[in-house]
């Protein structure tokens with residue numbers, strides 16, 4: 001299944017869910033309100049989802065002079081792969097992590113935290129950047145960015161429905177305030193879970209694929225495996241708090257600020273990723 005089709009499927013699924021939520025909490029009025037929101041969100045998601053994700057984490061653009069270490073690696077990799085040079089951003093956060101975003105390879109951005117720059121050696125950093133360029137090459141970045149934006153929209157709409165029901169709804173439903181309030185409370189619980197389940201469907205396999213692509217680009221799977229081991233250990237010590245709607249963008253799972261266990265885990269276990277990269281259990285990696 002091509003990523004263009006997956007993107008269209010994701011947009012359709014989340015749009016239909018938005019319409020369902022709108023109709024449920026507000027009848028015909030809610031349906032039209034949700035339709036208007038869906039049209040705007042689809043437009044925003046396609047053209048501006050990358051900017052929203054970067055702004056959310058206060059990512060700052062950097063020049064070649066400011067960050068020659070990253071520019072040198074990315075330039076070398078993009079020339080080898082045949083990709084346009086992406087924009088480079090630094091996130092002012094001590095937790096080590098990174099993500100790529102944008103609607104296509106010509107409009108791609110790669111963001112790294114200050115923490116990852118301080119933690120990894122040059123080979124490990126190259127492995128991480130190759131992984132992110134793997135997402136760009138595999139055209140994962142659009143579907144990831146759209147999932148982040150629309151999942152956030154579903155969550156916001158569910159919360160709107162909750163408050164609307166508490167104060168009598170939109171006027172499109174005849175059910176009493178108690179029933180509407182209970183229904184809206186269910187929606188505020190179920191809507192983020194539904195959005196997250198869609199993300200899980202498009203996220204986990206793509207991490208394995210980006211790992212394999214990145215290792216192929218560098219010819220050094222052990223460097224990426226070593227980076228993943230370090231990122232996993234240090235991100236636990238210095239956690240990066242992320243929203244559930246954007247957690248899937250990062251190379252390693254950030255802290256979600258909630259305890260929903262594996263339901264909200266958008267990444268495969270690090271040990272399994274290392275095992276796939278090296279062909280041996282993660283505990284054997286030194």
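The values are calculated or read from the model by the stated rules, or taken from the named source; none is laboratory data. Just so it is clear, the model here is predicted, and its values are computed rather than measured. All Cβ positions, even for glycine, are placed from backbone atoms using ideal geometry, and neighbour counts span all protein chains on display.
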Is there any pair with a first residue in the range 203-225 that is free of Cβ contacts under 8 Å to residues at least 24 places away in the same chain and on the phi < 0 side of the Ramachandran plot and a second that is assigned to a helix (DSSP H, G or I) and surrounded by 20 or more Cβ atoms within 10 Å (Cβ to Cβ) whose Cβ atoms are under 6 Å apart and which are 6 or more apart or on different chains, and what are they?
-> none
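Within the range 34-43, does at least one residue satisfy the condition of being modelled with pLDDT of 95 or more and buried (at least 22 other Cβ atoms within 10 Å of the Cβ)? Step through it out loud before you land on a result.
Our first condition is that a residue be modelled with pLDDT of 95 or more; within the range 34-43, this holds for none.
The answer is no; no qualifying residue exists.
If you check 132, 123, which single one turns out to be closer than 18 Å to residue 209 by Cβ and assigned to a helix (DSSP H, G or I)? Spell out the reasoning first.
Working: 123 fails: closer than 18 Å to residue 209 by Cβ.
Residue meeting the stated conditions: 132.
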Does the range 229-249 hold any residues that are buried (at least 23 other Cβ atoms within 10 Å of the Cβ) and at pLDDT 85 or above, and which are they?
-> 231, 235, 249
Scanning the range 77-93 for residues that are surrounded by fewer than 15 Cβ atoms within 10 Å (Cβ to Cβ) and touching a residue at least 12 places away in the same chain (Cβ under 8 Å), the one farthest from residue 62 (Cα to Cα) turns out to be 80
Considering residues that are touching a helix residue (DSSP H, G or I) at 6+ places or on another chain (Cβ under 6 Å), touching a residue at least 60 places away in the same chain (Cβ under 8 Å) and crowded, with 20+ Cβ neighbours inside 10 Å, the number found within the range 101-128 is 7
Number of the condition not met by residue 226 [criteria: (1) more than 20 Å from residue 73 (Cα to Cα); (2) modelled with pLDDT of 90 or more] = (1)
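Take the conditions at pLDDT 95 or above and over 19 Å from residue 130 (Cβ atoms) and apply them to residue 75. Does it pass? So that I can check it myself, show each step before the final result.
Working: at pLDDT 95 or above: yes; over 19 Å from residue 130 (Cβ atoms): no.
Spelling it out, it is not the case that residue 75 is at pLDDT 95 or above and over 19 Å from residue 130 (Cβ atoms).
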